[in-house]
Amino acid sequence: MCGIWASINAPDAVSGLDAAAHRGPDGEGWARFDTPAGRLEMGHKRLAIYDPTPDSSQPIQTADKRYTLIFNGALYNYRELREELAAKGYNFQTTGDAEVFLNAFVEWGPACFAKIDGMFAAVFYDADRQELTAARDRFGEKPLFVECRTGNRLVFASELPQLPAGLHEPPLARRRALFRFLESGLVERGDGSFVDTARTFPAAHWIEIDLSKHKLPVDTEIDYQAVQFWQPPKPAQMDEEAAIKALRAAMDEAIGRQLVADVPVGGCLSGGLDSSIILGTVDQLRGDQSDPFICVSAIFDAEDDAGNSLSERPFVDAVIKGKNVELIEVHPTEDEVVDRLDEIILTQGEPFPGTSICAQFFVFEAARKAGIKVMLDGQGADELFAGYAPMTGYAMADRLARLDPAVIGEFEKLVESPSDLNTSTLLRGMWRALVSERARRAVFKAIGRYPPKGGPVTEPALPAPFSPAPGESRLDTLIQTLVLRDSLPGLLRYEDRNAMAFAVETRLPFLSKAVADLAFQIPGDLKVKNGFTKYILRKAFEDRLPPEIAWRRKKLGFVTPQRAWMRGRLGQWVDLHLAEAIEKLGPLLNPDWIQNEHARMAERRTPGDTAFRVAMAGRWLTLQEMQLYPSSPS
């Protein structure tokens, strides 16, 4: 994990890379070339994980200087690729993954990207062909932004704040992204960024850029010139026994590879199913190793407004019992969160909708203080294995659509107490899955509930149309939507920025090549079954988990006492910055909503989640010294 910068004709490439210095405190390197398109500068800030010697520093070049590589990420199967390349006659001077990646590109060209089990944002330069190649991993675990508006300038960077630093141009906020965020809290859908002048390079794609010409691609040309190198596998016929066997083998392979590093490796532990499966598998694979495996947990000994505990302590204690684990607890307080909120906003580089992101920030800070440079985490499991309660409605809709006689029994099991579901929420989920968006809007319009009134923005976004892809179930289509667009990309952004603020590399076993590809192939009926979400995960790993975790029905999630905090200092922070936010975001905001908020503040009532998002977006604009893009929404 590192910070990268590659540019053609940028006025200040050094400052552009320096803006990502926190991502790579272990070294810096540059390669520069004169091309017909202009001056190419490739810079790298290193976080040394594999082979921490100077031999594996980047940029790394072939012996003949023809090929140059900078990349951010890690190749978990680099040892297997190294053996394959060595059999073809390649000689290696290092023991790290960068030289393997470089030689893989030399041997296979862009076809190498599909062979990688890992995460990467990479830029290669072929000096003989004067060709630049950029690529991003399958799920976009590693960030890569591109700026190319003018036709004579091009930049690839790891984080948005690098762009104004290296280009000496003030950024402008992207209205469409802000509309979406203010209305629903969505932050990342792979179709742009919060900055109008920058695009998110698409995950699972690569692009070749010819520098032998004087003209560079502009903006949307990046989208249609980029080539996709991976797509999710189609669902397959698979029985429960086969799925369990394959899942255990895939998880063992994934975690076995991800435990390999030349620095200490630890784990995030929430007490939920996903991180507990990772720890249970780590415990199996490490065996009798004498050094304890360090885990970090954020624990809030508090209750929600209904009196339900927000503490995962009993589950964390249960999962580490009998294991060689050293647990580090963090307990972020309201004061700590509010006092550091500006710092966390700057760390993220873009707005975020809630304080759970802040809790994650403190987890990675504690990990780094403990000397841990690599952390395993469970992102992706909920999306891939149907772990969110609303996904059950789609599973039930699939059963109903094929007239499955077991649908009523499964419905009753899902809503049986204790559960995150009740009859009305499950029926609403089935309604969304079975009835088209157009038909639902027509119904709501007929009863006077559409368009919605009182929302925060002047132009509410219409939900994207949903219909099952040909040959796929509703649940399978929803899973792909959440993984590739609506859920996972935002979670990956939060995690990357929070971890890299402290130069910590996060690795996600559920997004490994073996586990993720298998997850797409496992039938939906094995993911929602017998009244449980993520049924097949529970069944496959129940022998590695305490029963109270394996078959726990109520999902707490990674939450903070945000509602209580909104009645205290956090709410005061919202109201303190809301007036300025309304002024900055005025063209986007619904006048009725603004009037209601002024009345709420006058009556000293507690702000809600929407007010938090508006205050957050306004504060982000202020901290980044940013204005709205002046034209119509883009």
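The values are calculated or read from the model by the stated rules, or taken from the named source; none is laboratory data. A quick note: this is a predicted structure, and the numbers were derived from the prediction, not measured. Neighbour counts are summed over all protein chains in view; Cβ atoms, including those assigned to glycine, are modelled from backbone coordinates with ideal geometry. The accessibility values were calculated without ligands, DNA or RNA, using every heavy atom of the protein model including side chains. Shrake-Rupley method; radii C 1.70, N 1.55, O 1.52, S 1.80 Å.
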Taking the stretch 44-71, which residues are in contact with a Gly (Cβ under 9 Å, 6 or more places away or on another chain), assigned to a loop (DSSP other than H, G, I, E, B) and under 14 Å from residue 100 (Cβ atoms)? 49, 50, 51, 58
Taking the stretch 309-324 and keeping only residues that are within 27 Å of the chain's Cα centre (by Cα), within 17 Å of residue 370 (Cβ to Cβ) and not in a helix (DSSP H, G or I), one is left with none
Taking residue 100, is it open to solvent by less than 20 Å² (accessible area, probe 1.4 Å), of a type in the set (Val, Ile, Thr) and assigned to a helix (DSSP H, G or I)? yes
Open to solvent by 50 Å² or more (accessible area, probe 1.4 Å), part of a loop (DSSP other than H, G, I, E, B) and either small (Gly, Ala, Ser) or out of contact with any Phe, Trp or Tyr (no Cβ under 9 Å at 6 or more places or on another chain) (or both): is that true of residue 584 in this structure? no
Restricting to the stretch 175-202, name every residue that is in contact with a Gly (Cβ under 9 Å, 6 or more places away or on another chain), under 24 Å from residue 228 (Cβ atoms), open to solvent by 40 Å² or more (accessible area, probe 1.4 Å) and of a type in the set (D, E, K, R). 176, 189, 199
Tally the residues that are under 29 Å from the mean Cα position of the chain (by Cα) and aromatic (Phe, Trp, Tyr), restricting the search to the stretch 582-621. 2
When the stretch 325-340 is checked residue by residue, the ones that are open to solvent by 70 Å² or more (accessible area, probe 1.4 Å) and part of a loop (DSSP other than H, G, I, E, B) are 331
Considering every residue within the stretch 30-43, establish whether at least one is in contact (Cβ under 8 Å) with a residue 24 or more places away in the chain, in a strand (DSSP E or B), within 24 Å of residue 371 (Cα to Cα) and of a type in the set (D, E, K, R). no
Quick check: is even one residue across the stretch 74-93 within 18 Å of residue 5 (Cβ to Cβ) and open to solvent by less than 20 Å² (accessible area, probe 1.4 Å)? no
Looking at 395, 389, which is the one that is among the aliphatic types (A, V, I, L, M) and assigned to a helix (DSSP H, G or I)? 395
All helices (runs of 4 or more DSSP H) inside the stretch 219-302 with 2 or more residues being open to solvent by 20 Å² or more (accessible area, probe 1.4 Å) and under 22 Å from residue 380 (Cα atoms): 240-258, 273-286
From the list 614, 528, which residue is aliphatic (A, V, I, L, M), under 27 Å from residue 304 (Cα atoms) and in contact (Cβ under 8 Å) with a residue 24 or more places away in the chain? 614
What's the number of the condition residue 427 fails, among (1) in a helix (DSSP H, G or I); (2) open to solvent by less than 40 Å² (accessible area, probe 1.4 Å)? (2)
Would you please list the contacts, defined by Cβ atoms under 9 Å and residues six or more apart or on different chains, that run from a residue in the stretch 174-187 that is under 16 Å from residue 618 (Cβ atoms) to a residue that is of a type in the set (Phe, Trp, Tyr) and open to solvent by 30 Å² or more (accessible area, probe 1.4 Å)? 174/629; 175/629
Do we have residue 106 as in contact (Cβ under 8 Å) with a residue 24 or more places away in the chain and part of a strand (DSSP E or B) here? no
Hey, can you tell me all the residues within the stretch 203-217 that are on the phi < 0 side of the Ramachandran plot, assigned to a loop (DSSP other than H, G, I, E, B) and open to solvent by less than 40 Å² (accessible area, probe 1.4 Å)? 203, 211, 216, 217
Could you tell me which residue of the stretch 213-243 is modelled with the lowest pLDDT, considering only residues that are in contact with a strand residue (DSSP E or B) (Cβ under 7 Å, 6 or more places away or on another chain) and under 22 Å from residue 33 (Cβ atoms)? 222
Could you identify the single residue in 154, 172 that is open to solvent by 10 Å² or more (accessible area, probe 1.4 Å) and farther than 24 Å from residue 499 by Cβ? 172
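Conditions (1) surrounded by 19 or more Cβ atoms within 10 Å (Cβ to Cβ); (2) over 30 Å from residue 568 (Cα atoms); (3) modelled with pLDDT of 95 or more; (4) of a type outside the set (A, V, I, L, M, F, W, C), marked per residue:
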| position | (1), (2), (3), (4) |
| --- | --- |
| 342 | no, no, yes, yes |
| 376 | yes, yes, yes, no |
| 382 | yes, yes, yes, yes |
| 386 | yes, yes, yes, no |
Filtering the stretch 297-342 for residues that are within 24 Å of residue 543 (Cα to Cα), in contact with a Phe, Trp or Tyr (Cβ under 8 Å, 6 or more places away or on another chain) and aliphatic (A, V, I, L, M) leaves a count of 1
Pairs where the first residue, in the stretch 113-129, is under 16 Å from residue 228 (Cα atoms) and the second is open to solvent by 10 Å² or more (accessible area, probe 1.4 Å) and of a type in the set (A, V, I, L, M, F, W, C), C-beta under 6 Å, 6+ apart: 113/206; 113/229; 114/229; 114/230
Kindly evaluate residue 149 against the criterion of being in contact with a Pro (Cβ under 8 Å, 6 or more places away or on another chain) and surrounded by fewer than 24 Cβ atoms within 10 Å (Cβ to Cβ). no
